[in-house]
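This report concerns only the one structure given below.
The values are calculated or read from the model by the stated rules, or taken from the named source; none is laboratory data. Everything numeric here is computed off the predicted structure, so don't read it as measured data. Positions of Cβ are generated from backbone atoms using ideal geometry, with glycine treated the same way; all protein chains shown enter the neighbour counts. Keep in mind that these areas ignore ligands, DNA and RNA; they rest on the heavy atoms of the full protein, side chains included. Shrake-Rupley method; radii C 1.70, N 1.55, O 1.52, S 1.80 Å.
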Amino acid sequence: MHEGTGELDLVIVGAGFAGIHMLQRARADGLRARVYERGAGIGGTWYWNRYPGARCDFDSFDYSYEFDPELEREWVWSERYPSQPEILRYLDHVVDRYGIRDGIQLNATVTAARWDEASGRWVVTVDGAAERETVTAKWLVLAVGALSRPQLPDYDGLDDFAGLQLVAGDWPETEPDLAGKRIAVMGTGSSGVQVIPPLAQIAERLTVLVRTPSYVVPARNHPVSTAEYQELLVGGAERRERNRNAPLGVHFPSYGPSAKAASADEREAAFQSAWDAGGSAILSTFDDLLVDVESNELLAEWLRAKARGIVRDPAIAATLTSQTYPVGARRIVIDTDFYETFNRDDVDAVDLNATPIARFTRDGVRLADGREIPLDAIVFATGYDAGTGPILAIDIVGRDGRGLREAWAGGPATHLGIQVVGFPNLFMISGPQSPSIMANVVKAIEQHVPFLADLIAHAEAHGVRTVEPEPAAAADWGAQVDGIAQILVHSRATGSWYFGANVPGKPNAFLAYAGGIPAYRNVLADVEASGYEGFVLAKAGETSEG
Ligand code: NA7
């Protein structure tokens, strides 16, 4: 179906995993839909994260769509974990396979969206490369990603720095020439841990600026031949089923209910087996690791000891193992040669807690103890304004002229992480208060897309003009989200981005539903089966308020 320019049924913001799947479903349902994408290519977060070493931390098979068995059968991944370029190739394939490329407008940033009560439509402002465009649509779906707005520090002197400033999550399309350069990397989350080893290989000198070290486990990435991948597909259905029943949306083996109740030998065997298998499986070795701080500390100390066993310089080892938060309370990080990289003579680590940055200078960075580190380039792997940031970057104005920035001044408030009271017909995919960052996000997306597509189809079939959550249902959902977060060890790391603490002025609120993928699926299924209980579906002339 071909759509005209100004009038659409559905506007989707973002051409990552979420927006592409939503467009594919919307087209299949016969909607006039279009995706607006800020980037010059598709891929969303994966488009921007093109830094050396960028790779997903879930296995390729688990990190791909399962909505179409034929798609699943015809695509062959070449490595255990998909690299950033391969993910882009996969998404390109998906877009071509479903013939939806003409529904995606690139270099098109949605800057504002205003609800027009009279027409019952969203008026969406799109800033293109050359011109500003306005489109209207009955339905607006934000598929903007949870980790798509990099958060950068603000140090004195950064403007004076004469070298290159690079951002992991906004890496230049033309690969910068970093060979033989003196480089610093700031940040040791997933992005920093991935970018550090390849940069160390080409830099003259690499300095890692560490404030909060991660718990790091080996990825054990390896090539996968076509024959091996096809063999894996034979067991694909069972694997999908196991994943469906796993909180993260990816199944990992459990060795027992409680780490602290297990014997030292049992613990050692379980932890070592997960360490050898690679990936984040280690967090699932015992069922209480994310809820019992004593059990958690047993794993945390085991991981610190592993790191100390690899990193030869005791001072650097101490810096990289100074975690004071429970393992898993921030994202566990999987690596290839991260700790080993610090055994190179040309790589150093600075503990910013002991020696903070005083300022940047023209030639590098000056530390509080007066030490100057001369630099040609600094790489910021300093994280994201997660969850709410990409949504609030758009000036969204709902019913009665009320802005979303105002509505969320105290933190995100949603129903099911899908809709906000006062913002009819506006939906989020993997938004705040949904599983999103607490799950394999592709699986979280595959929960939202069919739910939203079915809801829109139901509304269209029944002459519904507006869909909006009931305030009581939304309040109840917010309480559930907070309640679950309190049970987890995450509540002991309120200084993390999961709580918004990495962004100055951001309200302290847990950003995701942590009840897991299976529980969330049941919630969505019940809502759909009940005829959308918790939502007000109003026909023309009816009100959807309260
Ligand atoms: P993360 O996980 O938010 O990591 C960002 C890191 O940057 C973290 O260690 C921060 O420590 C550090 N940071 C932030 N600001 C500074 C300053 N000013 N100085 C030193 N260090 C700083 O982001 P990633 O991009 O690595 O990973 C995001 C997700 O991508 C990840 O969860 C995976 O899902 C994939 P801080 O906590 O601020 O002390």
Q | Calculated P(r) of segment 58-182 - Cα pairs past 26 Å, % | A | 50
**Q.** C-alpha center-to-center spacing [segment 211-259, segment 125-200] in angstrom
**A.** 29
Q | Volume per residue of the C-alpha convex hull in segment 382-478, rounded to whole Å³ | A | 109
**Q.** Cα shape, segment 174-280, gyration tensor, a/c 1.5 rule
**A.** oblate
Q. Is the chain best put as rounded, prolate or oblate by its Cα gyration tensor, with a ≥ b ≥ c the root eigenvalues, rounded for a/c under 1.5, and otherwise prolate when a/b is larger than b/c, oblate when not?
A. prolate
Q: Please express the Cα-Cα pair-distance distribution P(r) of segment 1-84 as a list of whole percents, one per 5 Å bin, running from 0 to the bin with the greatest distance.
A: 3, 13, 18, 20, 20, 13, 7, 5, 1
Q) Working out 0.36 nm times the residue gap between THR494 and VAL76, then minus their Cα-Cα distance, what length gain in nm do you get to one decimal? A) 146.5 nm
Q) What accessible area per residue comes out for the chain, rounded to a whole number of Å², with a 1.4 Å probe? A) 39
Q. If you bin the C-alpha pair distances of segment 418-546 every 5 Å from 0, what whole percents do you get?
A. 2, 10, 18, 22, 19, 13, 8, 5, 2, 0
Q. Which of the lysines could a cross-linker span from LYS539 if the Cα-Cα distance has to be under 25 Å and same-chain partners fewer than 8 positions apart are dropped?
A. LYS138
Q: Would you please give the residues with an amide H less than 5 Å from that of VAL167, counting only those at least 5 places away or on a separate chain, with H modeled from the backbone geometry?
A: PHE380
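FRET efficiency for GLU117 and ASP68, Cβ-Cβ distance as r, R0 = 45 Å, nearest 0.05?
Numbers: r = 38 Å, r/R0 = 0.85.
It comes to 0.75.
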Q | Relative contact order, percent, the chain [alpha-carbon distance under 8 Å, six or more residues apart] | A | 18
Q) Along segment 59-71, what does the Karplus equation 6.51 cos²θ - 1.76 cosθ + 1.60 (θ = phi - 60°) give for ³J(HN,Hα), rounded to whole Hz, x for Gly and Pro? A) 4, 3, 4, 6, 9, 10, 5, 10, 5, 10, x, 5, 4
Q | Residue-by-residue Karplus 3J(HN,Hα) for segment 389-406, coefficients 6.51, -1.76, 1.60, Hz, glycine and proline x | A | x, x, 7, 6, 5, 8, 7, 9, 10, x, 4, 6, x, 8, x, 5, 4, 6
Q: Give me the compactness ratio for segment 492-546, meaning the Cα radius of gyration over 2.2 N^0.38 Å.
A: 1.71
Q | Integer Hz, Karplus 6.51/-1.76/1.60 couplings in order for segment 271-277, x for Gly and Pro | A | 4, 5, 5, 5, 4, 5, 6
**Q.** 5 angstrom amide H check on ILE104, placed H, neighbours 5+ away
**A.** VAL35
Q: Using a 1.4 Å probe over the heavy atoms of the protein chains, calculate the carbon and sulfur portion of the accessible area of the chain as a whole percent.
A: 50
Q. Tell me which lysines have Cα within less than 28 Å of LYS506's Cα, excluding those fewer than 8 residues away on the same chain?
A. LYS443
Q: Could you compute the FRET efficiency for ALA179 and ASP363, with r as their C-beta to C-beta distance and R0 at 22 Å, rounded to 0.05?
A: 0.65
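Can you tell me the convex hull volume per residue for segment 47-125, based on C-alpha atoms, in Å³ to the nearest whole number?
Per-residue hull volume (Cα only) is 152 Å³.
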Q) Around ARG55, which amide H atoms from residues at least 5 apart in sequence, or from another chain, sit under 5 Å from its own amide H, with H modelled in the peptide plane? A) GLN84
